[in-house]
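Every number here is computed from the coordinates shown, using simple stated rules; none is lab data. The structure displayed is predicted, hence computed values, not measured ones. Note: ideal-geometry Cβ built from the backbone for every residue, glycine included; neighbour counts use all protein chains shown.
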Amino acid sequence: MTLAVGAERVVALLLRQLYLYRHSLIRSLEIVYWPVMDLLVWGFVSVYVARLQGGGAAAIAFLVGAMILWDVFYRVQQAISVSFLEDVWTRNLPNVFVTPISTAEYIGATMLLGVMKVAVIGVLLAVLAWLLYAFNIFRYGLPLLPFVLNLILGGWGMGILTTALILRYGQGAEALAWALAFLFQPFSAVFYPVRILPPVLQHVAWLLPTTYVFEGMRAVLGGRGLPWAYVGWGALANALLLAGAGCVFAWVMEIARDQGLLLRVEG
Amino acid sequence: MDPHAITVEHLTKRFGRLVVVDDVSFTVGRGEIVGFLGPNGAGKTTTLAMLLGLLRPTRGRVRILGLPMPEQRQRILARVNFISPYVALPGNLTVGENLTVFAHLYGVRKRRAELEALLERFGLMGMWRRPTSRLSSGESTRLGLVKGLLNDPEVLFLDEPTASLDPDGADRVRGILQDLRAERRITIFYTSHNMQEVERLSDRILFLHRGRLIAEGPPREVLRRFARDTLERMFLDVAREQVPIPPGR
């Protein structure tokens, strides 16, 4: 019974997002606009590099595949923090938090929203990559799935962390919703192997959960099979990131309830 | 069953060295309408936030409907509601969408026809599809009241419910509140700066000044104690400290 009531509250928040998208064509198009623009730029860059270096299909696969997987991480993270910002912008946080919703249900709804958005974007990008660059990500099928799941875990972690920072430091910190994930990008070896990085940065790279995903992806796309070690280490690192983010969020909620931040987060 | 809808004991809130609510204690009986008064900065909103579980007290205890807040936050919030013109419903959704979302948040299964009947009762008929941002102040306040009644609350917390309304709109809202009490025996705990309204509506008032509760009782009794003719006069004299302020209760 309690679970059903909790699920209904999660549905309520998802419904609200659905209504928002239904009302605004621009908002709906924005879900796919940036990913498609990224795909076009990176796709044509990879075609150019392939022709220049004679790398052929492998170069296209590495770059386009990396771009699509990076988008999974980034969009999941962004869905969580932007959903929270919606409530800040419309000054709706007190309205929501005087209903019986729990913090876990609130965050759970934004996590689900992230997965739903990524499903839409992922399918669209995969189809476009196949049509434009003859890159069929589904050809690699199941071996890429553990990495996608890893990225969703990591995206949730980063999204919750970003939201905690916005709640703690107010609307002035909202740029983090778009910027924080990119802190990971140069060191996660998204578009190049870890060995390209200077030795010191290689140590940093292996501390990031995303690095295992993109190294693993290159192994799969390069026909070297599924590297289970990368899947395992990545899952462990992502689970740690998610757990750590959850702890930080719980701690910030305590501060928020102590300092009244839920009433004046827009400040 | 706890005879009190609200019990507050030694409630204190400090932000650093600033004491915003200072050792406040009171009770509100079930079915009572209680006006919570005080000049700006007296600590009314802070107290309300603690009653609603949005803010943790530094010291003291709050019980709503016999349950401790915030320990039983979810169970309490399912049985109460809060309305404030300063916390409007999202303007980028329609009236119907907002009500649907909040009905789900309260776990209330109301069909669209029931929600539209509620809208009609509050003079908002035919507005189901209207964007909330396009409502007038009066309509917005009445929509807030509809939202506030979605879960058939036993206690309704209102923060200046008639602020920004014209006399006609304010009078309609007061009429609705009186009807609600008569029909459903809802406990209403509200803040207001409209002293005539408070005199007309409240069974009792609680007067807060600089975080301390300085007066409590039926409006006429409080006026007699302060030797003033109207609550407005008393409010002005307390705000300007032109009356001996009794120690906090």
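Diagonalising the gyration tensor over the Cα atoms of chain B and scaling each eigenvalue by 5 before taking the square root yields semi-axes of 31, 21, 16 Å, largest first.
Please enumerate, by chain and number, the lysines with C-alpha under 24 Å from the C-alpha of B:Lys110, excluding those fewer than 8 residues away in the same chain. List returned: B:Lys147.
Principal-axis analysis of the Cα atoms of chain B puts helix B:137-149 at an angle of about 90° to the longest axis. Between A:Leu124 and B:Arg75, the modelled labels are 4.6 nm apart [label points 7 Å from Cα along Cα→Cβ]. Relative to the current alpha-carbon distance between A:Ser28 and A:Val11, full extension at 0.36 nm per residue lengthens the span by 4.2 nm. Footprinting exposure proxy ranking of A:Trp233, A:Trp89, fewest other C-beta atoms within 10 angstrom first, gives A:Trp89, A:Trp233.
With unit charges on the beta carbon (Lys/Arg positive, Asp/Glu negative), name the residue among A:Ala59, A:Leu201, A:Leu263 whose Cα is farthest towards the positive pole of the charge dipole of the range A:2-263. Farthest towards the positive pole: A:Ala59.
Between A:Ala229 and B:Arg130, the modelled labels are 6.7 nm apart [label points 7 Å from Cα along Cα→Cβ]. Modelled this way, with points 7 Å down the Cα-to-C-beta line, the labels at A:Val36 and B:Arg14 are 5.9 nm from one another.
In terms of surrounding Cβ atoms within a 10 Å radius of their Cβ, B:Asp168, B:Asp22, A:Asp258 rank from fewest to most as B:Asp168, A:Asp258, B:Asp22. Fewest-first ordering of B:Ile205, A:Ile196 by other beta carbons within 10 Å of each residue's beta carbon gives A:Ile196, B:Ile205. In this calculation the C-beta distance from B:Asp152 to B:Asp203 is compared with R0 = 22 Å, giving a FRET efficiency of 0.55. Work out which GluC sites (Glu not before Pro) in chain B are exposed loop sites (DSSP not H, G, I, E or B, at most 16 other Cβ within 10 Å) and give the longest gap free of them. No qualifying site falls inside B:72-240, the longest such stretch.
A Förster radius of 41 Å, combined with the Cβ-Cβ distance separating A:Phe182 from A:Ser102, puts the computed FRET efficiency at roughly 0.85. How far, in degrees from 0 to 90, does helix B:95-105 lean away from the longest principal axis of the Cα atoms of chain B, to the nearest 10? Helix B:95-105 sits at roughly 70 degrees to that axis. With respect to chain A, whose longest principal axis is taken over its alpha-carbon atoms, helix A:2-23 is tilted by about 70°. Per-residue Karplus couplings for the range A:114-128, computed as 6.51 cos²θ - 1.76 cosθ + 1.60 with θ equal to phi - 60°, are listed in order as x, 5, 5, 5, 5, 4, 5, 5, x, 5, 4, 5, 4, 5, 5 Hz, Gly and Pro entered as x.
Taking the DSSP beta bridges with both ends in chain B, the antiparallel portion is around 55 percent.
In the frame of its principal axes, the protein assembly as shown has Cα extents of 95, 51, 41 Å, reported largest first. Note on the range A:132-261: Cα Rg divided by 2.2 N^0.38 Å, N the number of residues, gives 1.21. Only alpha carbons enter this Debye calculation for chain A, each as an equal point scatterer, and the log10 of I(q)/I(0) it gives at q = 0.16 Å⁻¹ is -1.23.
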